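Here's the structure, in structure tokens; my notes come after.
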Amino acid sequence: MSDRIIDKAAAELAADIREGRLTSVEVTTAFLDRIDAVDGTVGAFLHVDREGALAAAREADAAVAAGESVSPLAGVPIAVKDVVVTKGLPTTAASKILEGWIPPYDATIVERVKAARMPILGKTNLDEFAMGSSTEFSAYGRTANPWDTGRIPGGSGGGSAAAVAAKMAPLAIGTDTGGSIRQPSAVTGTFGAKPTYGSNSRYGVIAFSSSLDTPGPVSRNALDAALLHEVISGHDPRDSTAVDAPVPPVAEAARLGATGDLSGVTLGVVTELTAGSDAAEPGVVEAYRAGIDQLVKLGAQIREVSCPSFVHALAAYYLIAPAEASSNLARYDGVRYGLRAGDDGERGLEEVMSLTREVGFGPEVKRRILLGTYALSAGYIDRFYGQAQKVRTLVKRDFEAAFEQVDALVSPTTPFTAFKFGEHSEDLYRMYLADLYTVPANLYGGPGVSVPVGLAEGLPVGFQVMGPVMGDDIAYRVAAALESTQEPLLADTAPEIEGK
Amino acid sequence: MTRLNTYDAAMAAYEPVLGIETHIELDTNTKMFCGCSTVFGAEPNTQVCPVCLALPGALPVANKAAVEATIKIGLALNCSIAEWTRFARKNYFYPDMPKNFQTSQHEEPLCEDGFVDVVVDGESHRIEIERVHLEEDTGKTLHVGGAAGRIHGATESLVDYNRAGIPLVEIVTRPVPGTGALAPEVARAYAAELRDIVRSLGVSDVRMEQGSMRCDVNVSLNRPGEEWGTRTETKNVNSLRSVERSVRYEIRRQSALLDAGDKILQETRHFHEATGETSPGRSKEEATDYRYFPEPDLAVMEPSRAWVEELRATLPEPPRKRRERLQAAWALGDKEMQSVVNADAVELIEATIAAGSSASGAVKWWLGELSRRANESGVELDALDIAPSQVAELQGMVDDGRLNDKLARQVIDGVLSGEGGPAEVAAARGLEVVSDTGALEAAVDEAIAANPDAADKIRGGKHAAAGALIGAVMKSTKGQADAGTVRRIILDKLS
């Protein structure tokens, strides 16, 4: 369509930089200028680091010029969800309680991004502490969906997805606890991957729910995501829950998938995530079925599998995640960093701690802390947290049984396309349903990716592929194959954002 | 004013049940969940990092050396070691606890079901150990501007996180009934035995006065044949003596309340060294719900049986067996041996004997003169600037007649003030016993001439009067005569 830098995918930009057709400074400048031009409309970024990004770009250019062996994404700039800790750059988790906090250290995945010589453009908006499905719960304002600025960009990682969708960044880092990478990707027409739990270090990822949180890539296509996945993935001794195993060859799998051959691959359609699911909008179901047809044409075998426990997954998730969050968020007390409220020399310590939390946390965070505290309370823990853990075990068993029959499972990513701002603010259950199809993979721990599968009434629809634990490669392969049958949404179809 | 019964009156009507929770700081090089140093006494907040400050995003990694030390403690306390164990979060808000939860263990402790036998007045008591688990310490809060560091009236509260995250082992007994009037002594003996066991393992310095071992002492009373009573928990008792005194006090206090028909409040209490009293802490009426749940940031631990057996093979001789062996070898009575133990002198005496001293000489110096010096300077015995080999050397000089006790004490002065070893000090200060009999006889003659009355008494058979003459001789020889020799010469001359 054009030779504009911002229209190019990350792999292409990386090749241009490596082979001297572009410099990282040119590329980084183009995205920074794009942010200047349109982020007033979109609101994807909470903090832009022009100077830092350009300094890193110059270093990347120097490394390329010196003939150093550089990573496959060297010089390509990236946006980072503001729940990931960046040394010297404000990190807020979109919460007032961390206003003004400048981290003294980098998350492991940020260290790896820097080591790969990828300039960090800035930090992107999210629902406060990654709790939400619309980014409306950010304490720092809304992020618009580039496809329709009156609609939400998904959540919690709406900022990262919108930044990629609006071509303000070729790549972004998100985190996925119940769907926070995949659902925003689905509703913004981007590609998003939740890797196998533990395969990407959580060290420096501000915890929401420790046993579920998984950082991963957001991109324009499967190959770009896979390349970023390989940059940030791998064992980290600082994360006890990290998997100590080789990173699955996801970039190779994405390239293999792009050849459009799925012969010999068996895909499972999960009965409980599709048939009789009145939660899904007709347009979403239609696009999803068209996607299945495409996969069949590429040679995939389709088999229906039943995962009976999946119908309880969302309920279990809404006990486990808040329970862990209620404990993880206890550290925000105004004593050591961030906001401190009411420290007037009159109030006592505990009063100041309490007031800080009262003022510092938004309504959704408070709701989940209360819910989680309740779920862990004496007399209730067995009925709530305990039962939820049992469901989690059953979900794992369902996945394991399914993967004895099929190579990967497929479903829509989310039941509905981007909704309007405020549409579900009064009906949180409806909002929580956004995670209906994504939550099972989090409870299980296996990978799930969302790939665009066309439009419904002009809005993007996502198609989810789930693989077995450490089988991220099969998910990328299937997603890349489906992608090869689709119009590249962002290149050709996306409406051009106008700057304010 | 708190009413108290006499101890005897209390014991005539009630039976006590004890329970002791002990926290021991391990002396690993690094903290429980991060790489920060654990050295005591550093500048505040210099031994901290994102993990132990609970910065957003930081994650714990368990310290293997601490796990190993805890397994050793469990084995030494006759516990079984879990094949599958994990950490749990104990959730409550406290300003010096960075995460506002303590990473501890709940339903799956590392070690369970052990026992310790202690002997009090020749009677053996078995203290059953319910569990031994691993957790982390909190920081320390200092309240500035108020009276005596209390939060009340303070203008500022300062927190030092150097201690936050130091590995702590918690050892919990089962309830201990049946000790009767010996309860205070049994409690003390248990704490002492536990301290000795842990020290013998070399995993903690177990210094109660520095807080590296602290006891929470639970006491309840019931009338014979009735159900156990409501217990109180006296927190952070920090000496063996205080353990004993706090039990005694609680028995006296609780029995007076029960006599008056009052109820015992289940509460935590504080012990006051100065008065020997306890006072109420936080009431447990609003029972804290800690909302324990498995720590999702840490992996489950499965100590292999091979590893456990490897650790078991490294366990030293149990302190009690060792004490029995040494007591026999040193030919000490029970009381004397108890004094040695109480003075923390077992190792020192053993080393002194190994360096060639007689057992009685070694015991005499360490329990006598050297204990006194340590007390005077307020240091532990083993912190004195004198090595067991030097004590052995000193005793050797006494045995050879080159020093008498008085001179030996002066030699100790010299050694303690860094003037060198005993032989060097004796030489430098000119502190050898005068063994030249000619010189001594002249001194004795002089003394007889100067004290005719005393001399007459001795001639008259009153040998006790020799003391005055010996004193005169010692004075004129500046103490460098051997008193026995002088006495012999005097008696030879006058009888």
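The values are calculated or read from the model by the stated rules, or taken from the named source; none is laboratory data. Note that the structure is predicted; figures quoted are calculated from it, not measured. Cβ sites come from the backbone with ideal geometry, for glycine too, and all protein chains shown count toward neighbours.
Against the definition (under 16 Å from the mean Cα position of the chain (by Cα) and farther than 16 Å from A:Val391 by Cβ), how does A:Pro447 come out, yes or no?
yes
Just checking, does segment A:399-419 include any residue being away from chain B (no Cβ under 13 Å), of a type outside the set (Gly, Ala, Ser), assigned to a helix (DSSP H, G or I) and crowded, with 21+ Cβ neighbours inside 10 Å?
yes
Take A:Tyr385 and decide whether it is part of a helix (DSSP H, G or I) and among the hydroxyl-bearing types (Ser, Thr, Tyr).
It is true that A:Tyr385 is part of a helix (DSSP H, G or I) and among the hydroxyl-bearing types (Ser, Thr, Tyr).
Give the number of residues within segment A:429-453 that are touching a residue at least 12 places away in the same chain (Cβ under 8 Å) and surrounded by fewer than 20 Cβ atoms within 10 Å (Cβ to Cβ).
2
State yes or no: is A:Ala325 assigned to a helix (DSSP H, G or I), at pLDDT 95 or above, more than 14 Å from every other protein chain (Cβ to nearest Cβ) and surrounded by 19 or more Cβ atoms within 10 Å (Cβ to Cβ)?
It is false that A:Ala325 is assigned to a helix (DSSP H, G or I), at pLDDT 95 or above, more than 14 Å from every other protein chain (Cβ to nearest Cβ) and surrounded by 19 or more Cβ atoms within 10 Å (Cβ to Cβ).
Look at A:Leu339 and say whether it is at pLDDT 95 or above, within 14 Å of chain B (Cβ to nearest Cβ) and in a loop (DSSP other than H, G, I, E, B).
The answer is yes for A:Leu339.
Somewhere in segment A:6-23, is a residue in contact with a strand residue (DSSP E or B) (Cβ under 7 Å, 6 or more places away or on another chain), over 30 Å from A:Lys96 (Cβ atoms) and among the small types (Gly, Ala, Ser)?
yes
Within segment A:371-386, take every residue that is within 13 Å of chain B (Cβ to nearest Cβ) and free of Cβ contacts under 8 Å to residues at least 24 places away in the same chain and give me the one that is nearest to A:Ser138 (Cα to Cα).
Among those residues, the one meeting the criterion is A:Tyr374.
Listed here are the residues, each with its yes/no results for (1) within 19 Å of B:Ser212 (Cβ to Cβ); (2) not assigned by TED's automatic domain parsing to the domain that holds B:Val172; (3) not polar (S, T, N, Q).
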position	(1), (2), (3)
B:His23	yes, no, yes
B:Leu26	yes, no, yes
B:Thr38	yes, no, no
B:Asn45	no, no, no
B:Val48	no, no, yes
B:Val51	no, no, yes
B:Pro60	no, no, yes
B:Trp84	no, no, yes
B:Lys99	no, no, yes
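Taking helices (runs of 4 or more DSSP H) that do not extend beyond segment B:292-373, which have at least 3 residues that are away from chain A (no Cβ under 14 Å), within 23 Å of B:Gly74 (Cα to Cα) and out of contact with any Leu (no Cβ under 6 Å at 6 or more places or on another chain)?
Correct list: B:305-313, B:319-330.
For segment A:29-44, indicate whether the set of residues that are farther than 24 Å from A:Thr143 by Cα and surrounded by fewer than 24 Cβ atoms within 10 Å (Cβ to Cβ) is non-empty.
no
Residues B:Glu83, B:Glu107, B:Glu128, B:Glu123: which one is within 14 Å of another protein chain (Cβ to nearest Cβ), more than 30 Å from A:Arg336 (Cα to Cα), in contact (Cβ under 8 Å) with a residue 24 or more places away in the chain and surrounded by fewer than 17 Cβ atoms within 10 Å (Cβ to Cβ)?
Going through B:Glu83, B:Glu107, B:Glu128, B:Glu123 in turn, just one is within 14 Å of another protein chain (Cβ to nearest Cβ), more than 30 Å from A:Arg336 (Cα to Cα), in contact (Cβ under 8 Å) with a residue 24 or more places away in the chain and surrounded by fewer than 17 Cβ atoms within 10 Å (Cβ to Cβ): B:Glu107.
Filter the strands (runs of 3 or more DSSP E) completely within segment A:113-216 down to those with at least 2 residues that are touching a residue at least 12 places away in the same chain (Cβ under 8 Å) and more than 13 Å from the chain's Cα centre (by Cα).
Qualifying strands (runs of 3 or more DSSP E): A:120-124.
Inspect segment B:23-42 for any residue being in contact with a strand residue (DSSP E or B) (Cβ under 6 Å, 6 or more places away or on another chain), of a type in the set (Val, Ile, Thr) and more than 28 Å from A:Gly198 (Cα to Cα) and give the result as yes or no.
The answer is yes, given that some residue of segment B:23-42 is in contact with a strand residue (DSSP E or B) (Cβ under 6 Å, 6 or more places away or on another chain), of a type in the set (Val, Ile, Thr) and more than 28 Å from A:Gly198 (Cα to Cα).
What are the pairs with Cβ atoms under 6 angstrom where one residue, in segment B:267-291, is under 23 Å from B:Phe93 (Cα atoms) and the other, located anywhere, is of a type in the set (Lys, Arg) and modelled with pLDDT of 90 or more? Sequence gap at least six, or different chains.
B:Thr268/B:Lys235; B:Pro280/B:Arg269; B:Gly281/B:Arg269; B:Tyr290/B:Lys90
Keeping to segment A:98-110, report how many residues are out of contact with any strand residue (DSSP E or B) (no Cβ under 8 Å at 6 or more places or on another chain) and facing another protein chain (nearest Cβ under 10 Å).
Counting residues in segment A:98-110 that are out of contact with any strand residue (DSSP E or B) (no Cβ under 8 Å at 6 or more places or on another chain) and facing another protein chain (nearest Cβ under 10 Å) gives 7.
Pick out the one residue from B:Arg409, B:Arg487, B:Arg429 that is surrounded by 13 or more Cβ atoms within 10 Å (Cβ to Cβ), under 28 Å from B:Val341 (Cα atoms), at pLDDT 85 or above and out of contact with any His (no Cβ under 6 Å at 6 or more places or on another chain).
Sole residue among the options that is surrounded by 13 or more Cβ atoms within 10 Å (Cβ to Cβ), under 28 Å from B:Val341 (Cα atoms), at pLDDT 85 or above and out of contact with any His (no Cβ under 6 Å at 6 or more places or on another chain): B:Arg409.
Check A:His312 against each of (1) under 30 Å from B:Tyr92 (Cα atoms); (2) more than 14 Å from every other protein chain (Cβ to nearest Cβ); (3) of a type outside the set (A, V, I, L, M) and name the one condition it does not meet.
Against the list (1) under 30 Å from B:Tyr92 (Cα atoms); (2) more than 14 Å from every other protein chain (Cβ to nearest Cβ); (3) of a type outside the set (A, V, I, L, M), A:His312 comes up short only on (1).
So, in segment B:154-179, exactly how many residues are more than 14 Å from chain A (Cβ to nearest Cβ), under 14 Å from B:Gln47 (Cβ atoms) and of a type in the set (A, V, I, L, M)?
1
Of all residues in segment A:55-71, which are surrounded by fewer than 23 Cβ atoms within 10 Å (Cβ to Cβ) and touching a Ser or Thr at 6+ places or on another chain (Cβ under 6 Å)?
A:Asp61
Quick check on segment B:59-76. Is at least one of its residues without any contact (Cβ under 8 Å) to a residue 40 or more places away in the chain and of a type in the set (Asp, Glu)?
Checked against the condition, which is being without any contact (Cβ under 8 Å) to a residue 40 or more places away in the chain and of a type in the set (Asp, Glu), segment B:59-76 yields no hits at all.
If a residue must be part of a loop (DSSP other than H, G, I, E, B), closer than 19 Å to A:Ala434 by Cβ and of a type outside the set (Ser, Thr, Tyr), how many such residues does segment A:277-306 contain?
4
Taking the criterion of being within 10 Å of chain B (Cβ to nearest Cβ), of a type in the set (A, V, I, L, M, F, W, C) and touching a strand residue (DSSP E or B) at 6+ places or on another chain (Cβ under 7 Å), would at least one residue in segment A:345-360 satisfy it?
yes
Looking at the structure I just gave you, is A:Leu394 outside any helix (DSSP H, G or I), among the hydrophobic types (A, V, I, L, M, F, W, C) and more than 14 Å from chain B (Cβ to nearest Cβ)?
no
Is it fair to say B:Met397 is among the aliphatic types (A, V, I, L, M) and in contact with a Lys or Arg (Cβ under 9 Å, 6 or more places away or on another chain)?
No; evaluated as a whole, the condition is false for this residue.
Considering each residue of segment A:229-252, count those that are more than 14 Å from chain B (Cβ to nearest Cβ) and under 19 Å from A:Val110 (Cβ atoms), and give that number.
Going through segment A:229-252 one residue at a time, the tally reaches 7.
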